[in-house]
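Remarks on the structure that follows.
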Amino acid sequence: MRLLIPHSLLALIVHGAVLAKSDLLESLAGVSGGLIFTYPNQMDYPRASEPFNLRYSYQPAAIAYVNSVEQVSEVVKVGYDLGYNVVARSGGHSYVAAGLGGKDGSIVIDLSNLTYFAMDQPAAVATVASGLRIGQVATHLNEWGRALPHATGAYVGWGGQTAYGGYGFSTRKWGLTLDMVLSARVVLANGTVVTASKDTNPDIFFAIRGAAPSFGIITSMRLQTWQPPSSTTVYQYAWNMDIRTGTAALSAFQNYSLTADIPPALGVEFVLVPGDARGAVTLLLSGTWYGPADELEPVLRPLLAELPTPRSSTFDVGDYLNSVKNLAGGSLDVSGPGAHSTFYVKSLITPQSEPLTVGAMKAFITYIANEGFDTDLGWFLQIGLLGGTDSQINSVASTDTAFPHRDSLFMMQLYAYTKGDVLPYPEHGFTFVDGIVDSFVNNMPDDWDYGAYTNYFDDRLEDSDYRYYKQNLPKLKHLKAKYDPTGVFDFPHAIKP
Ligand SMILES: Cc1cc2nc3c(=O)[nH]c(=O)nc-3n(C[C@H](O)[C@H](O)[C@H](O)COP(=O)(O)OP(=O)(O)OC[C@H]3O[C@@H](n4cnc5c(N)ncnc54)[C@H](O)[C@@H]3O)c2cc1C
Ligand SMILES: *[C@@H]1O[C@H](CO)[C@@H](O)[C@H](O)[C@H]1NC(C)=O
Ligand SMILES: *[C@@H]1O[C@H](CO)[C@@H](O)[C@H](O)[C@H]1NC(C)=O
Ligand SMILES: *[C@@H]1O[C@H](CO)[C@@H](O)[C@H](O)[C@H]1NC(C)=O
């Protein structure tokens with residue numbers, strides 16, 4: 001029987017003791033099947049511990065390249081027995097290097113060699129291993145003439161994006177990626193491997209759909225796939241606007257989102273990028289239409305009627321895969337090394353029942369038109385439609401999955417980066433992004449019940465437990481105490497018992 005010593009304490013003891021470290025290496029070397037792993041001072045360690053977001057630099061105690069569920073289980077057991085925190089890394093694209101542990105001294109289980117994919121016919125249920133990248137999954141699905149909703153970046157790991165959500169332009173029509181999961185293989189904190197589904201281990205099934213990193217390591221999952229539409233249109237309209245026009249445009253977008261009959265086949269967002277003068281912004285209306293090309297314009301007409309004539313517009317009409325490629329920046333090939341970025345992101349999810357006031361929208365547009373022009377950072381701000389008529393995201397009850405934001409209108413990603421991705425990321429870069437969220441929050445009622453999105457993880461977010469998990473937090477804390485009482489899967493801002 002294992003003593004219940006908190007892992008944070010145990011990690012301290014382990015850290016100080018040279019013997020304990022050799023314990024770790026010995027134990028990893030003893031994992032069956034010849035585990036490949038690296039650790040500090042090894043030649044391949046600097047490359048292996050490189051984060052996607054270059055402003056982080058963490059030193060995992062070891063990084064293990066697993067080849068099977070059994071190896072995942074055994075490595076988790078090593079962490080459990082020796083008192084190390086353990087984290088999974090699928091694609092390594094966490095915004096806060098959580099796939100490296102989010103701090104020093106964790107054991108990283110790299111899943112990138114778990115790349116199994118299969119399609120069960122005729123049910124069209126895909127089995128997807130967590131180590132696949134989105135680009136690879138989309139390519140496999142296409143070979144079977146099927147589709148899934150997911151994030152846009154080709155290099156993003158399937159495991160990580162599904163663990164926390166999986167939001168894209170097709171999610172109004174189909175749901176989040178995690179809503180498609182029928183069952184998953186999960187390695188729990190003590191190394192036990194379980195299947196989780198609606199009927200088997202339903203508590204774990206609940207927790208891993210929105211909070212998986214705090215509960216277990218998903219090695220593979222079965223997902224219900226969709227028939228892709230035969231035609232898609234990736235569209236974008238652009239404007240330069242002053243503060244007054246920009247505020248009215250955002251207000252018109254929100255009114256359209258709240259009141260127009262918007263088919264779920266429409267994925268849409270407002271994107272703001274730096275304007276060409278102080279007091280101006282560049283506004284993009286972009287998205288993807290999953291239907292016949294000629295039916296897009298009538299759908300957008302009530303919104304476009306409220307806006308000035310665009311400066312430009314583009315339409316990329318093609319098959320379904322064409323839209324996935326376009327949104328991924330033109331290619332789904334992930335054989336190259338992939339890009340990095342030096343950035344800070346905050347997210348903001350607005351409740352459908354408490355829309356932004358015109359005052360809050362004006363404060364926001366004013367802030368970015370002025371502070372956003374003055375800053376030396378690059379930035380883009382996405383205000384995506386989560387809700388609206390018949391949105392499949394909102395058709396799920398908020399207590400069905402750990403992801404709780406089922407009555408939301410907008411999903412915002414507020415992203416600022418250093419140009420050329422140079423280091424360091426400046427202190428004023430944090431205040432700039434904080435100020436964007438404040439421009440909304442400080443101009444809304446005190447009890448405005450906004451949320452935040454775990455896939456846009458913000459390790460500086462105050463009250464993050466509540467903003468991320470809302471009414472599901474008490475249940476998640478209870479389940480954490482039950483399934484991971486000593487915090488094997490602990491990292492900054494993980495769910496605590
Ligand atoms: C270019 C780019 C575009 C993006 N676009 C979108 C988008 O359109 N929509 C959207 O929703 N998100 C988007 N994201 C965010 C993305 O979904 C998250 O960063 C996601 O967590 C990355 O997953 P990963 O496997 O690559 O990262 P990792 O760093 O490997 O993992 C992220 C987190 O999940 C945990 N984790 C990883 N694998 C598993 C597993 N198998 N089981 C349990 N826990 C696991 C890790 O420990 C870590 O905490 C984008 C990110 C980037 C970089
Ligand atoms: C990945 O798996 C292949 C076989 O599927 C194997 O040859 C290779 O050595 C593995 N790589 C690592 C790093 O374990
Ligand atoms: C949006 O609707 C609100 C409430 O009806 C109204 O006050 C506001 O002027 C509308 N915005 C636009 C741009 O029409
Ligand atoms: C591991 O944890 C699970 C879930 O809490 C529990 O059912 C199982 O009995 C545990 N196994 C061992 C060997 O302790």
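Picking from residues in region 275-304 that are among the hydroxyl-bearing types (Ser, Thr, Tyr) and assigned to a strand (DSSP E or B), the one that is farthest from ALA265 (Cα to Cα) is THR282.
Listed residues GLU74, GLU143; which is charged (D, E, K, R), free of Cβ contacts under 8 Å to residues at least 24 places away in the same chain and either out of contact with any strand residue (DSSP E or B) (no Cβ under 7 Å at 6 or more places or on another chain) or within 16 Å of ligand 4 (Cβ to nearest atom) (or both)?
On the way: GLU74 fails: free of Cβ contacts under 8 Å to residues at least 24 places away in the same chain.
The unique qualifying residue is GLU143.
Cβ separations smaller than 6 Å between residues 6+ apart or across chains give no pair from region 175-203 residues that are free of Cβ contacts under 8 Å to residues at least 24 places away in the same chain and more than 12 Å from THR219 (Cα to Cα) to residues that are in a loop (DSSP other than H, G, I, E, B) and hydrophobic (A, V, I, L, M, F, W, C).
Taking each residue of region 395-424 that is over 28 Å from MET361 (Cβ atoms) and looking for partners that are surrounded by fewer than 16 Cβ atoms within 10 Å (Cβ to Cβ) and hydrophobic (A, V, I, L, M, F, W, C) with beta-carbon atoms closer than 9 Å, six or more apart or interchain, yields ASP421/ALA339.
Every listed requirement among (1) over 30 Å from ALA138 (Cα atoms); (2) open to solvent by less than 50 Å² (accessible area, probe 1.4 Å); (3) out of contact with any Gly (no Cβ under 9 Å at 6 or more places or on another chain) is met by LEU296 save one, (1).
In this structure, is GLY338 at pLDDT below 95, under 19 Å from TRP158 (Cα atoms), of a type in the set (Gly, Ala, Ser) and not assigned by TED's automatic domain parsing to the domain that holds THR152?
Here the answer is yes, as GLY338 does meet what is asked.
Evaluate the following for ASP333: is it away from ligand 1 (no atom under 16 Å from the Cβ) and in the same structural domain as LEU409 (by TED's automatic domain parsing)? Answer is no for this residue.
Residues considered: PHE343, PHE315. Of these, the only one that is surrounded by 15 or more Cβ atoms within 10 Å (Cβ to Cβ) and in contact with a Phe, Trp or Tyr (Cβ under 6 Å, 6 or more places away or on another chain) is PHE343. Considering region 409-497, the qualifying helices (runs of 4 or more DSSP H), each wholly inside and each with 2 or more residues that are over 20 Å from the mean Cα position of the chain (by Cα) and within 29 Å of ASN370 (Cα to Cα), run over 427-441.
Among the residues making up region 316-350, those that are closer than 30 Å to VAL441 by Cβ and among the hydroxyl-bearing types (Ser, Thr, Tyr) are SER341, THR342, TYR344, SER347, THR350.
The values are calculated or read from the model by the stated rules, or taken from the named source; none is laboratory data. A quick note: this is a predicted structure, and the numbers were derived from the prediction, not measured. Counting neighbours? That spans all protein chains shown, and the Cβs are built from the backbone with ideal geometry, glycine included. Side chains included, ligands, DNA and RNA excluded: accessible areas come from the protein's heavy atoms. Shrake-Rupley method; radii C 1.70, N 1.55, O 1.52, S 1.80 Å.
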